[in-house]
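Peer 1: Before I ask anything, here is the structure I am working with.
The values are calculated or read from the model by the stated rules, or taken from the named source; none is laboratory data. Predicted model only: the values in this text are computed from it and were never measured. Ideal geometry is used to build each Cβ from the backbone, glycine not excepted, and the neighbour counts take in all protein chains shown.
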Amino acid sequence: MKMRKKWLPILMVLILIANLFPVNQVVEASESHVLNLSNPNASQYTKELFAYLKGLGDDEILFGQQHAMDEGLTLSGEGNRVGSTESEVKNAVGDHPAIFGWDTNSLDGRERPGNAIDDVVLSQEQRTRNLADSMIAAHKLGGIVTLSMHPNNFVTGGSYGDTSGNVVREILPGGSKHDEFNQWLDNLVDLSHLVVDDNGEAIPIIFRPFHEQTGGWFWWGATTTTPEQYKAIFRYTVEYLHEHGNNNFLIAFSPGAGSAGDLERYLRTYPGDDYVDILGIDKYDEKNNAGSQAWINAMAADLSMMAQEAEARGKVSAFTEFGYSAEGMNQTGNNLEWWTTVLDGIMNHPDYPDAAKTSYMLTWANFGWPNNMFVPYKDINGDLGGDHELLPNFTEFFEDERTLFREQVAGVYGTGKQYEVAPHEPFMYLVSPTNGDRIVSSPLEFKARVVNGVDPSVTYSVDGGDEVHMELDGQYYQASWAPTAEYNESAVDVTVRYYEGDQLINEQTHRYYIFLSDVLIEELTFEDGIDGIKSNGTYPDDGVDFSLSPAQLNGKGMLELTVEGMPAEEWWQELKLELTQLDDVNLGLVNQLRLDGYVPVSAGEGSFNTVVQLPDNWDDKYEASVVLGSLDTVTIDGTDYYQYEATVNFPHAVDARTIAVSLVGVQLELDDPIYVERIQLLNSYVPAPEDPFLVDDFEGYMGDDALLDSAYGSNGDPITLSLTDEYKSNGGYGLRYDFTIGSSGYSGREINFGPVDWTGANAVSFWMKHDGHPGLHLTLQINIGGVAFEYYVDLDEAYEGIVELPLVDFAPAHWEGNQDAIVDQNRIGRVSSFAFYMGREDDANHEGTIYFDEIRAVDLEDAPEIPAVEDSGPAEPIVYDFEEELAGWVGPNASIKDGHLRVDISSGRNTEVKKTSGYDLSDYNYMVARVKVDASLSAKMFIKTGSDWSWSDSGEIALDNDGYTEMIFDISEIDTRENVQEIGFEFLGGELENDIEVLIDSIQIVNDLDDLISGEDTENPVDPEIPEEDMTKELENKIAELTKRIEELETMGIDIAELNRLLAELKAEVEALELNDDNLSAKVMELLTRIEALEAQLAEREDEQGVNVPEGEGSNDDQAGKTEDDQSGDAEENEATDGKGNPLPSTATALYNYLLIGALILIVGAGLALYSYKRKNA
C-alpha cells in the first residue's frame, strides 16, 4: 500500500466526529472555471475529466495500459472478454491501471473485444456494442478510457501499414474515398453515443487520431502525407465528431518522438488549439540498452518541452505511449530497474523538472511473446514458469506514492464545479488542395472552411493577382481555377483570405506544383471556314493534285483534304499543311499538337502518321505513328470512316515562327476525301520516360527545396534536404544532405517509389562527396521483396566519386524477423523504398554535410549476379518431428516427451504454442500437424506475416481425445508469405474443466499434401512405439512421485483432485501395458487405498467445519447460479487484506464482515474528501 493511505483512517475519524454536531451550511456562489477545450459543447463529465487531468500535481502521474482488460497471459475467460473486470496489472500488483486503452481495431474486427467468434465475423453493430460495454466496465471500475486508431488503407484496402495510394488526399473532402472515410467515422459516432453510465451520461473518451505521424510506418505518416494534409484531415475528423454530437471526446495529439525537445518538429503538423485538448508523445526505449541515461534524458526533454507548451496553451500533457521497447520487454535479460528508472526520469529529472507535470503514461498491450509484452506478470495460474523478472521492480513502481492506479483515481466527476469553455476565435483554413500538393488535373477545386464566423467573405488570388470571391456551398467556400499554360511545370502560390466585413481575419498561402498533361493554348476549328491553314503541297508532287476546302460532315464544319494521283505503292505519301494565323500565340509555351479527323476506310489498314515541324527548322521532324486498322470506325452518310486522332510531342517551340503539320501515309489508297475536325496546340507536362532503375537524379523538383523535402520521409534526428547546383555528378541539380545525430542516435530520410522491378540489376550506384566524418557511418536501407536490406558505408576518409555496392552484399536489418533472407531473383522484382541513414559509434552529438546524385540500380560487369531461386521442383518439406529438440517452439512448460512437443493447456483461457523466426514460405501452401489431447477442445493454426505481423488462421479445428487429429491449414492465399514472422497454434481452452496436456507429434510445412513425409498413417494414426522397459521405468517414476504427493497430503491436507486425475491416467497406462507386473499393480492398489482413506478424512473435516456456517452464507446453492466471472469476483472480495497486504483473519460470523465493510466505506469516504480538498482550485 502507498504511504499516503496510512493516515486516511485518522482523517476519516475526525470527519465523523465533526459530523456528529449540527452545523449551519452556507452555500457559496459557484466559481466558474474557464477551460481551453476543443469542443465548445463539451459535456460536464468531459470538462471535469479535463480539469482533473490538468489539476494533477507534479508529484503524481496516472498509469495506463492498452487492452488492459482483455489481453494478457494471466487472464481467464475466452473469446472477446467483453466487459471483463480482470487485468494483467491487477493480477500482478493488486490494482488495475488508472487508464484503460483500446483501439479502433476493435471496431474493425481485428482486436478484442471485436474479434470474430468461431470464424464468424461480428456485425459492425455488435463490435461497437462490445467495445462500448468494455469501456463502460472500465469506467465503473473507476478508470479513464482512451481510444487510438489504426484504420486500414482506404484506397488499397491494405493494412494501416500500407502507405501507398496517397490516402489522406483521397479521404479529404473532394477525394475519391471521402464517403468511405465518413462511413468509418460514423462507427466512432455510434460508439460515443453508446458509452454512457447508469444515469445516461456520456462517459468521456480520450481519442488519439492519426498518431505517430512524424514517422513513415502509417499511411498518414510523413513519407506520404504533407503537414498541411495532416492538419486538414485532423481538423476534418474533429469537426465531424463534434458536429455529430460527440461531446464526450477529448482529443489527443501524439507525434512520434524525434530529436529530444525539438518543438519545431513537434508542432509541424499541429492542427491548432481549437482541435486539441491533450499534447502527447509516443516514445519507446530500446531492448538492447533499455534505461540508458541518454534515453532517459531524451524522454525527459520531450516531456518537459511538451508540458511547457501545454501549460502555455491551457492544455494537458501526457506520455501517450511508452514501453521497454517497441517490441516490448525481454523474457529474460532485462534491466531490472527499468520501471523505477523511467519514473524517476519523469518525476525527478534535474535538468527537466517540468517533465513531472505529465498527467499520465500509457504502455502497450500484453498481446503475448515474443514482441508484444509490455507489463510484467505474476504467475497466478502456475503455468508460466514463474513470475516475470521485472515484476519486483514494477511492484516498486506501483507502490511509489507518485504513481496513481485505479484506486487512487477519485474526485473526477460530480465535483459540482461550474466550467466554461474559452471562446474559439473565428478561423479559416484551406481544406483542399493542401500546401505542397502536386496538381495533375484541371481545374483545381478550392475548398475552404470557416469556423466561428459571423458574416464571412472568402476570396482567393493566384501569385498576388486579383482576389476572386468564393461561394459558400454547404460547409465549404468553393471556387474553381484552371491554370493556364504559363503556370504549367511551375510552382504557384494561391492565397485564400477570410474577411468579416472589411476586416481581414486570417489568410493562408499554399504552394502548388502544376503538372498538367494538356493545357489548351489554341484550337483551330472549321465551322466558319478554313482561314488559318494552308497547303504546302505533297510528296511526291509529280502528278499529284492536293487541295483544301471547307466541308460539312456529320453536321460539323470540317477541313476537307482532296488528293488525286497519289501512287498507292509509295512508302512516303505526305500531305503538307501549315498554320498561318499564330501571331498572337506564345509558341514558346507550345510543346504538343493534337489532330482529330476522319479517314475513309477505303484508304486501307496501313500507317497514316502525323508529323510536326517547327519552321524555319525543316530538318527536325516529330512524329506520332497511327495504324488505321487499329482505330474505331463510324459510318457517316453511307461511307465508313476511321475515327482518327494523333498527338505529337515536341520541344517548346521557342524559336518557331509557325507550326507545320503533315499527314504521311504508307502505301494507302488516298482517292477519297480526308476530313480534319480540329487541330489543338497545347502545353503539356510530359514526364521523363519511366526508368525503374532510377531512384533519384534530383532533376524533377523544379529546383524547389520544399517539393524535394516533401518527397522524403524523416526518421530520428533532423536532416535538412536541399538542392544544389554546385555539387553534383551531372544534370542541373544534386542533393545536399545536412545531418545531425543527437538524442535519437541516428537520422535518416526515406523515399517510397514502388514497388518497381530491378530485374537485370545487380548493384546500387550513386555519386557521393563528403569531407570525412570519423566515427560515423552511412547506412543504405532498401526494401526488397518485403524485407529491409542494409549496407554500411564507412565515412572516416573524405571522398568524392561514384559508389557501387553489389546487392548480394546487403543483409537484413537487425530488427527484421527473417535474418536468413537474401536478395534473390524473386525479391528483386519488388523494390519499394530507399533510405540513407546516418549512425554513430559513440554517444556524442554530430553534424555534417554529404552530397549525393544519380542514385540508381545498375548492372555491373564485375559484381556477382543476383542468385536465381532454384527451380528444384516442389519445395522440400519443413518438418519438426520433436525427436530430440524443441527447435525454437515455445509454449507453457514446453518439453520433449516421447518424440512429441508437450505443452500444458490451461482451462478457461486460450493458449498459444508458437515459433517466432523469419521464414520465406512463398513456395509452401500447407501447414499440417498431428496433435493428441487429453480432452476434447478446439484449436487454430495461425501465421503472422509482414512488418505489421498480420494474423491469418485456419479457423477452428475440433480436436478429439480418442487419438491423433490431423490439422491442415491452407496458406496458399496469404499475401507476403515470403516474410513470415511467426507460426503457431491457438488452443481454445475456454470450455475445458481442467488443465490438460497436449502432445504434438509433428508439424510439416509443404507445397502439396502429397509431399507429406511418408511413414505416418494419417488415416489411422498410431501412438509412437516406446520400449516396454522405458515405459515401465516411467511408470515407476510416476508412482514414486504420486507416493510423495500422498505423503504430503496426509501431513498438509492439500487438494486431491489432481491426484485422482493422475491416478486414473496411471491405472489406464498400467492396464494397457499387457505386462504381468504384479509388483506395479500392487503398488497402484496400495495408492488407491490410501487415497480413499484421505478422501474420507477430508469429507469428515468439511462436515465439521460446515456446522458453524450461518444459514444463507456461503452456501453452495448461492454459488451455483453464478458464472465463472462472478465467482472470480467473489474471490477477490473475500480476500480482504490489511494496509500492508496481509490477509485479515477469517471469521465465522457476519458481524466481522459488517465491521470490515464499514471500515472500507470510511476509508473510501476519507479518500474522496482528501482528493476533493486537493483539487478545490483545479
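Peer 1: Check region 692-708 and report whether any residue there is part of a loop (DSSP other than H, G, I, E, B), outside the structural domain of Gly215 (by TED's automatic domain parsing), modelled with pLDDT under 95 and surrounded by 19 or more Cβ atoms within 10 Å (Cβ to Cβ).
Peer 2: Yes: region 692-708 contains one or more residues that are part of a loop (DSSP other than H, G, I, E, B), outside the structural domain of Gly215 (by TED's automatic domain parsing), modelled with pLDDT under 95 and surrounded by 19 or more Cβ atoms within 10 Å (Cβ to Cβ).
Peer 1: Output the residues belonging to region 63-116 that are free of Cβ contacts under 8 Å to residues at least 60 places away in the same chain, of a type outside the set (D, E, K, R) and not in a strand (DSSP E or B).
Peer 2: Asn80, Val82, Gly83, Ser87, Asn105, Ser106, Gly109, Pro113, Gly114, Asn115, Ala116
Peer 1: Considering every residue within region 661-672, establish whether at least one is of a type in the set (Ser, Thr, Tyr), under 21 Å from Val831 (Cα atoms) and touching a Leu at 6+ places or on another chain (Cβ under 8 Å).
Peer 2: Of all residues in region 661-672, those of a type in the set (Ser, Thr, Tyr) come to 662.
This time we only want the ones that are under 21 Å from Val831 (Cα atoms), so: none.
Looking for residues that are of a type in the set (Ser, Thr, Tyr), under 21 Å from Val831 (Cα atoms) and touching a Leu at 6+ places or on another chain (Cβ under 8 Å), one finds none in region 661-672, hence no.
Peer 1: Pull up region 50-72, narrow it to residues that are closer than 19 Å to Gly314 by Cα and within 28 Å of the chain's Cα centre (by Cα), then point me to the one that is surrounded by the fewest Cβ atoms within 10 Å (Cβ to Cβ).
Peer 2: Leu53
Peer 1: Which of the residues that make up region 363-416 are within 20 Å of Gly94 (Cβ to Cβ), touching a strand residue (DSSP E or B) at 6+ places or on another chain (Cβ under 7 Å) and not in a loop (DSSP other than H, G, I, E, B)?
Peer 2: Thr363, Phe397, Thr403, Leu404
Peer 1: When Ser192 is evaluated against the numbered criteria (1) within 21 Å of Ile439 (Cβ to Cβ); (2) crowded, with 22+ Cβ neighbours inside 10 Å, which criterion, by number, is the only one it fails?
Peer 2: (1)
Peer 1: Can you name the residue in region 407-441 that is small (Gly, Ala, Ser) and within 33 Å of the chain's Cα centre (by Cα) and, of all such residues, is surrounded by the most Cβ atoms within 10 Å (Cβ to Cβ)? It would help to see each step written out before you state the result.
Peer 2: First, pick out the residues of region 407-441 that are small (Gly, Ala, Ser): 410-411, 414, 416, 422, 432, 436, 441.
Applying the additional criterion that residues be within 33 Å of the chain's Cα centre (by Cα) yields 432, 436, 441.
On the way: Ser432: 25, Gly436: 21, Ser441: 9.
Out of the qualifying residues, it is Ser432.
Peer 1: Which one of these does Phe210 not meet: (1) surrounded by 23 or more Cβ atoms within 10 Å (Cβ to Cβ); (2) at negative phi; (3) not in a helix (DSSP H, G or I)?
Peer 2: (2)
Peer 1: I would also like to ask the following. Please note which strands (runs of 3 or more DSSP E) are completely contained in region 710-785 and include at least 2 residues that are modelled with pLDDT of 95 or more.
Peer 2: On the way: elements: 713-716, 719-724, 734-741, 746-756, 763-770, 776-784.
Per the criteria, 719-724, 734-741, 763-770, 776-784.
Peer 1: What do you reckon, is Asp583 out of contact with any Phe, Trp or Tyr (no Cβ under 9 Å at 6 or more places or on another chain), without any contact (Cβ under 8 Å) to a residue 40 or more places away in the chain and part of a loop (DSSP other than H, G, I, E, B)? Quick ask: steps written out before the conclusion?
Peer 2: Values: out of contact with any Phe, Trp or Tyr (no Cβ under 9 Å at 6 or more places or on another chain): yes; without any contact (Cβ under 8 Å) to a residue 40 or more places away in the chain: yes; part of a loop (DSSP other than H, G, I, E, B): yes.
Criteria met by Asp583.
Peer 1: Scan Ile784, Ile741, Ile751 and give me the residue that is outside the structural domain of Val440 (by TED's automatic domain parsing), touching an Asp or Glu at 6+ places or on another chain (Cβ under 7 Å), closer than 18 Å to Leu805 by Cβ and among the β-branched types (Val, Ile, Thr). Before the answer, list the steps.
Peer 2: On the way: Ile784 fails: touching an Asp or Glu at 6+ places or on another chain (Cβ under 7 Å); Ile741 fails: closer than 18 Å to Leu805 by Cβ.
Just a single option satisfies the conditions, and that option is Ile751.
Peer 1: I've got another one for you. Filter region 118-150 down to the residues that are under 28 Å from Phe253 (Cβ atoms) and of a type in the set (Ser, Thr, Tyr) and list them by number.
Peer 2: Across region 118-150, the qualifying residues are Thr128, Ser134, Thr146, Ser148.
Peer 1: Scan region 323-332 for residues that are crowded, with 20+ Cβ neighbours inside 10 Å and closer than 19 Å to His814 by Cα and report the count.
Peer 2: Filtering region 323-332 for residues crowded, with 20+ Cβ neighbours inside 10 Å gives 323-324, 328-329.
In the following step, the residues that additionally are closer than 19 Å to His814 by Cα were identified as 324, 328-329.
Going through region 323-332 one residue at a time, the tally reaches 3.
Peer 1: I would also like to ask the following. Identify, by number, the condition in (1) closer than 21 Å to Pro227 by Cβ; (2) modelled with pLDDT of 95 or more; (3) crowded, with 18+ Cβ neighbours inside 10 Å; (4) of a type outside the set (Val, Ile, Thr) that Tyr499 doesn't meet.
Peer 2: (1)
Peer 1: Please verify whether Ser625 is exposed (fewer than 15 other Cβ atoms within 10 Å of the Cβ), of a type in the set (Ser, Thr, Tyr) and over 60 Å from the mean Cα position of the chain (by Cα), treating the condition exactly as stated.
Peer 2: Details: exposed (fewer than 15 other Cβ atoms within 10 Å of the Cβ): yes; of a type in the set (Ser, Thr, Tyr): yes; over 60 Å from the mean Cα position of the chain (by Cα): no.
So Ser625 does not fit the description; no.
Peer 1: If you don't mind, another one. Can you give me the number of residues within region 539-564 that are without any contact (Cβ under 8 Å) to a residue 40 or more places away in the chain and assigned to a loop (DSSP other than H, G, I, E, B)?
Peer 2: Qualifying residue count for the region: 6.
Peer 1: Could you tell me how many of the residues in region 975-998 are farther than 30 Å from Val823 by Cβ and touching a strand residue (DSSP E or B) at 6+ places or on another chain (Cβ under 8 Å)? Walk me through how you get there before you give the answer.
Peer 2: In the first step, residues of region 975-998 are kept if they are farther than 30 Å from Val823 by Cβ; the result is 985-998.
Remaining after also requiring touching a strand residue (DSSP E or B) at 6+ places or on another chain (Cβ under 8 Å): 985-992, 995-998.
Residues in region 975-998 being farther than 30 Å from Val823 by Cβ and touching a strand residue (DSSP E or B) at 6+ places or on another chain (Cβ under 8 Å): 12 in total.
Peer 1: Residues to consider are Gly565, Gly555, Gly543; find the one that is exposed (fewer than 12 other Cβ atoms within 10 Å of the Cβ) and in contact with a Gly (Cβ under 8 Å, 6 or more places away or on another chain).
Peer 2: Gly543
Peer 1: Could you please let me know if Arg208 is basic (Lys, Arg) and in contact with a strand residue (DSSP E or B) (Cβ under 7 Å, 6 or more places away or on another chain)? Working first, answer last.
Peer 2: On the way: basic (Lys, Arg): yes; in contact with a strand residue (DSSP E or B) (Cβ under 7 Å, 6 or more places away or on another chain): yes.
So Arg208 fits the description; yes.
Peer 1: I'd like to verify a number: residues in region 847-880 that are charged (D, E, K, R), buried (at least 18 other Cβ atoms within 10 Å of the Cβ) and farther than 30 Å from Thr740 by Cβ, how many?
Peer 2: Going through region 847-880 one residue at a time, the tally reaches 0.
Residue by residue, here is whether (1) buried (at least 20 other Cβ atoms within 10 Å of the Cβ); (2) under 27 Å from Thr74 (Cα atoms); (3) free of Cβ contacts under 8 Å to residues at least 12 places away in the same chain; (4) of a type outside the set (A, V, I, L, M, F, W, C) holds:
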residue: Leu886; (1), (2), (3), (4): no, yes, no, no
residue: Pro892; (1), (2), (3), (4): yes, yes, no, yes
residue: Arg909; (1), (2), (3), (4): yes, yes, no, yes
residue: Ser952; (1), (2), (3), (4): no, yes, no, yes
residue: Gly955; (1), (2), (3), (4): no, yes, no, yes
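Peer 1: Can you work out which of the residues in region 223-257 that are assigned to a loop (DSSP other than H, G, I, E, B) and over 18 Å from the mean Cα position of the chain (by Cα) is nearest to Ile206 (Cα to Cα)?
Peer 2: Filtering region 223-257 for residues assigned to a loop (DSSP other than H, G, I, E, B) gives 223-226, 244-248, 254-255, 257.
Within this subset, residues satisfying the condition of being over 18 Å from the mean Cα position of the chain (by Cα) are 244-248.
Numbers: His244: 17, Gly245: 16, Asn246: 12, Asn247: 11, Asn248: 8 Å.
Filtering region 223-257 for residues that are assigned to a loop (DSSP other than H, G, I, E, B) and over 18 Å from the mean Cα position of the chain (by Cα), the one nearest to Ile206 (Cα to Cα) comes out as Asn248.
Condition check ((1) surrounded by 21 or more Cβ atoms within 10 Å (Cβ to Cβ); (2) at pLDDT 95 or above; (3) under 19 Å from Glu212 (Cβ atoms); (4) in contact with a strand residue (DSSP E or B) (Cβ under 7 Å, 6 or more places away or on another chain)) across all residues:
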{"residue": "Gln293", "(1), (2), (3), (4)": "no, no, no, no"}
{"residue": "Ala300", "(1), (2), (3), (4)": "yes, yes, no, no"}
{"residue": "Ala307", "(1), (2), (3), (4)": "yes, yes, no, yes"}
{"residue": "Glu321", "(1), (2), (3), (4)": "yes, yes, yes, yes"}
{"residue": "Asn334", "(1), (2), (3), (4)": "no, yes, no, no"}
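Peer 1: Kindly provide the set of residues from region 279-314 that are within 18 Å of Ser259 (Cβ to Cβ) and in a loop (DSSP other than H, G, I, E, B), ordered by number.
Peer 2: Asp285, Glu286, Ser292
Peer 1: Kindly indicate whether any position in region 787-810 is touching a residue at least 40 places away in the same chain (Cβ under 8 Å), part of a loop (DSSP other than H, G, I, E, B) and either of a type in the set (Ser, Thr, Tyr) or surrounded by fewer than 19 Cβ atoms within 10 Å (Cβ to Cβ) (or both).
Peer 2: No: zero hits.
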